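Below: one structure, written as C-alpha cells.
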Amino acid sequence: MIDSQVIRRCVQILFLGMVIIIGIKFYSFVAQLENGNISDIERPPGVEAFLPIGALVSLKYLLLTGRINEVHPSGLVFFLLVCFTALLLKKSFCGWICPFGLLTEYLSKLNSVIFTKPLQINGFIDYLLRSIKYGIAAFFIWTIFVKMPEGAVEQFIYSPYNVISDIKMLKFFTNISVTAVIVISVIIVLSVIIKSFWCRYLCPYGAVLGFISLFSAGKIRRNELSCTGCGKCDRICPSLIHISDKEIVHSDECTACLRCAGICPEEYTLQLSIISRVLPVKPIAVALILLAIFAGGIILADVSGHWQNKVTNRQYLMYMMSQNMIDKKIAMPSMMK
Ligand code: SF4
Ligand code: SF4
C-alpha cells in the first residue's frame, strides 16, 4: 500500500505545479499589457485564488444580491470550494493543497536539521499567539461584513483598484520593497526557528478554515479499545495535538495530514473517518475527494460562466492607465484600435 505521506506530497506537488503555471501565465499576461499588446495571452482565472480579501467582498455581494460578480468570480468560487473542503475534511486545504503549507513543512524540516531540541511554544503563550491569526481574520470579516456599507460593496468590486488588484499583487512581488523583503525574511526565519510559525500563528485564511473545520464531518477518530497508549501519534503530529487522550480530534489545528494514522502501530485504531468510525477515509480517497471537489467545482463554474471574468484586455489596459501603471504613449495605440 502506498504511504499516506507519499500520496499527500504528490497532491501538494500537483497543486504547486498548477500555481507555478498560473504564475508564469499571469506574468506573461501582464507583460504583454505593459507592452501595449492586448490580443495574445488570456488571463488565467486561477490567479484570483490569491485574492482572499476580494473573495470575502464577493461573498458579501453574493449574499446581498444573489449574484456572483463578473470581476473576480473565480476568487469567490475558489474560496467557497476551500470552505467546503474544511466542512468535509478538516483543514485539508492547508495540509494537502496550499503551497505555503508545503513551504512551511520544508522549513520545519530545516528546523529538525539545525536544532537538536526544537523550540516549542506551549500553554498560554501558544494560545495567545494562535489568537493572532483569528484576530486578523476577525478584523477583515468585521470590516467587510459589518462596517462596509451595502452600497459600497458594488462600488468597490467595480473600482479600478479592485479590478486590477491581481496585477497590483504581482507588482508587489516583482517590484518588492525593502520593508516587504525584511518582513518576509523575518517570517521565514521564525518559521525555521518555530515549526509552522506562519500557519499556526499568522495565517488568517487558516484561521477561517480552522473555525469552519470545527463543524467538519471528517475527523481523526481513535478506537479507545485497541489503543495501547504508546503516544507515537502525539509525537508525530505537526500541529502539536495530543491525540492519545481523545476519542475524536476536534482541534482547529488538525490539517488531516494523516501522519498520526500512518504511524499508529495498531490496525484500525486511528483513522480519518466521516461522521463515525464506520466510514473511514483512506489516504487515496482523501486525495481523490479533494481533486474531485476542485475539478468538479471549477468545471461547473466554467460551464455556468462564473470562472472567467468579463473584463476585456482593453479594459485592463484602461484601468492600468488610470492607476498610473502604464505609460499613456504605450497604452493609447491599442486603446484606439
Ligand atoms: S497528525 Fe493527525 S491530528 Fe495531527 S494534524 Fe495530522 S491528521 Fe491532524
Ligand atoms: S499511535 Fe495508535 S496506539 Fe499509539 S497512542 Fe496513538 S492511537 Fe494509541
Practice task
List the number of the failed condition for S276; all other conditions in (1) of a type in the set (G, A, S); (2) away from ligand 1 (no atom under 16 Å from the Cβ); (3) modelled with pLDDT of 95 or more hold.
Solution key: (3)
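What are the residues in the stretch 56-105 that are outside any helix (DSSP H, G or I) and either in contact with a Phe, Trp or Tyr (Cβ under 8 Å, 6 or more places away or on another chain) or hydrophobic (A, V, I, L, M, F, W, C) (or both), if any? Steps first, answer last, please.
Taking the stretch 56-105 first, the residues outside any helix (DSSP H, G or I) are 66-72, 90-91, 98.
Once the filter is applied, which keeps residues that are outside any helix (DSSP H, G or I) and either in contact with a Phe, Trp or Tyr (Cβ under 8 Å, 6 or more places away or on another chain) or hydrophobic (A, V, I, L, M, F, W, C) (or both), the stretch 56-105 yields R67, I68, N69, V71, C98.
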Exercise for the section: Take the stretch 318-331 and flag every residue that is in contact (Cβ under 8 Å) with a residue 40 or more places away in the chain and in a helix (DSSP H, G or I). Expected result: Y319, M320, S322, I330, A331
Handout entry: Among (1) more than 11 Å from I220 (Cα to Cα); (2) open to solvent by less than 50 Å² (accessible area, probe 1.4 Å); (3) within 12 Å of ligand 2 (Cβ to nearest atom), the one test that C260 misses
Key = (1)
Practice task
Sort out which residues of the stretch 221-243 are among the aliphatic types (A, V, I, L, M) and touching a residue at least 60 places away in the same chain (Cβ under 8 Å), and write them in order of number.
Solution key: L240
Practice task
Output the residue which, of all residues in the stretch 214-240 that are within 11 Å of ligand 2 (Cβ to nearest atom) and of a type in the set (A, V, I, L, M), is least open to solvent (accessible area, probe 1.4 Å).
Solution key: I220
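What is the residue count in the stretch 152-165 for residues that are open to solvent by 60 Å² or more (accessible area, probe 1.4 Å) and assigned to a helix (DSSP H, G or I)?
4
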Practice task
Under 7 Å between Cβ atoms, at least 6 apart or on separate chains: pull out the pairs that start in the stretch 96-116 with a residue that is farther than 17 Å from F50 by Cα and end on any residue that is part of a loop (DSSP other than H, G, I, E, B).
Solution key: T104/S196; S108/K195; S108/S196; S108/P238; N111/P118; N111/K195; S112/P118
Handout entry: Residue among C260, C199, C264 that is under 23 Å from E105 (Cα atoms) and more than 10 Å from ligand 1 (Cβ to nearest atom)
Key = C199
Practice task
Could you check F211 against (1) within 14 Å of ligand 2 (Cβ to nearest atom); (2) in contact (Cβ under 8 Å) with a residue 24 or more places away in the chain; (3) farther than 20 Å from Q12 by Cα; (4) open to solvent by 60 Å² or more (accessible area, probe 1.4 Å) and say which number it fails?
Solution key: (1)
Fill in the blank from the handout: Every listed condition ((1) aliphatic (A, V, I, L, M); (2) assigned to a loop (DSSP other than H, G, I, E, B); (3) open to solvent by 80 Å² or more (accessible area, probe 1.4 Å)) holds for I121 save (3)
Practice task
For the stretch 174-195, indicate whether the set of residues that are assigned to a loop (DSSP other than H, G, I, E, B), open to solvent by less than 40 Å² (accessible area, probe 1.4 Å), modelled with pLDDT under 95 and of a type in the set (S, T, N, Q) is non-empty.
Solution key: no
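The values are calculated or read from the model by the stated rules, or taken from the named source; none is laboratory data. On a predicted model such as this, the values are computed, not experimentally measured, just so you know. Cβ sites come from the backbone with ideal geometry, for glycine too, and all protein chains shown count toward neighbours. The protein model used for the area step is the full one, side chains on, heavy atoms only, and it has no ligands, DNA or RNA in it. Shrake-Rupley method; radii C 1.70, N 1.55, O 1.52, S 1.80 Å.
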